[in-house]
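K.L.:
Before I ask anything, here is the structure I am working with.
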Amino acid sequence: MLFRLEKPVQLTQQEFDEFWPLVDTVWTKIGGNTTLRQGTIQVQHHECGLRKSKKTDTNVARNQGRVVKPRMTAVRIKDLCQVRMKITCTIPSGSEPVMVFLERKDDAAHTHSIEEAFHLCGLPSIVKRVIATDTNKNYTPAQIFHALKGSGSIEGSENLEAAGGGSLKR
């Protein structure tokens, strides 16, 4: 739902905080937050992580005459996906709950699956948190993998795949 954004989505703050960590690595924030209507609405703009609209930075130290060991990186092709979205959040006033509205900024559709986005942009933060927690408990990689897959239960595996974790491999 938060990946495709086929139609605008309205969530409570609690629902947003629960679902956003499942797709947060797919989206890249553009700019800062904008506050509108005398501080009652906050707007954020995001783009698909495969859009890569920002120019790749050059190595500043090399330009200053120092020798710097280059990092081993791969150049990622820009503009692989054109999807952009806007997140509008109401600021609480009194007893009204905070509402979050997510909508596309244009009619573009993703040119890739969520698994491809996770492969190129990284795993969602919720999966990283589970891995970090289990690593701190000195679990083996196999134990962590099985915990993510739902300890062999069908429900656990289905939940992970629905969240986009079907691309997890050993």
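The values are calculated or read from the model by the stated rules, or taken from the named source; none is laboratory data. Given the structure is predicted, the values throughout are model-derived calculations rather than measurements. Note that we place each Cβ from the backbone using ideal geometry, even for glycine, and neighbour counts take in every protein chain shown.
K.L.:
Select, from ALA61, ALA108, the only residue that is modelled with pLDDT under 90 and assigned to a loop (DSSP other than H, G, I, E, B).
P.N.:
Residue meeting the stated conditions: ALA108.
K.L.:
Which of (1) without any contact (Cβ under 8 Å) to a residue 40 or more places away in the chain; (2) of a type outside the set (A, V, I, L, M); (3) farther than 17 Å from ARG104 by Cβ; (4) in a strand (DSSP E or B) does GLN38 not meet, given it meets every other one?
P.N.:
(4)
K.L.:
Output the residue which, of all residues in the range 114-156 that are exposed (fewer than 11 other Cβ atoms within 10 Å of the Cβ) and of a type in the set (D, E, K, R), is modelled with the highest pLDDT.
P.N.:
Filtering the range 114-156 for residues that are exposed (fewer than 11 other Cβ atoms within 10 Å of the Cβ) and of a type in the set (D, E, K, R), the one modelled with the highest pLDDT comes out as LYS137.
K.L.:
Which one is surrounded by the most Cβ atoms within 10 Å (Cβ to Cβ), of the residues in the range 83-96 that are under 27 Å from VAL26 (Cα atoms) and over 18 Å from the mean Cα position of the chain (by Cα)?
P.N.:
The qualifying residue surrounded by the most Cβ atoms within 10 Å (Cβ to Cβ) is THR90.
K.L.:
Here are some conditions: (1) at pLDDT below 90; (2) in a loop (DSSP other than H, G, I, E, B). THR28 meets all but one. Which one does it not meet?
P.N.:
(2)
K.L.:
Given the conditions (1) small (Gly, Ala, Ser); (2) in contact with a strand residue (DSSP E or B) (Cβ under 9 Å, 6 or more places away or on another chain); (3) surrounded by fewer than 16 Cβ atoms within 10 Å (Cβ to Cβ); (4) at pLDDT 85 or above, report the number of the one that GLY49 does not fulfil.
P.N.:
Among (1) small (Gly, Ala, Ser); (2) in contact with a strand residue (DSSP E or B) (Cβ under 9 Å, 6 or more places away or on another chain); (3) surrounded by fewer than 16 Cβ atoms within 10 Å (Cβ to Cβ); (4) at pLDDT 85 or above, GLY49 violates only (3).
K.L.:
Looking only at residues that are under 13 Å from the mean Cα position of the chain (by Cα) and of a type in the set (Ser, Thr, Tyr) in the range 10-50, which one is nearest to PHE118 (Cα to Cα)?
P.N.:
THR25
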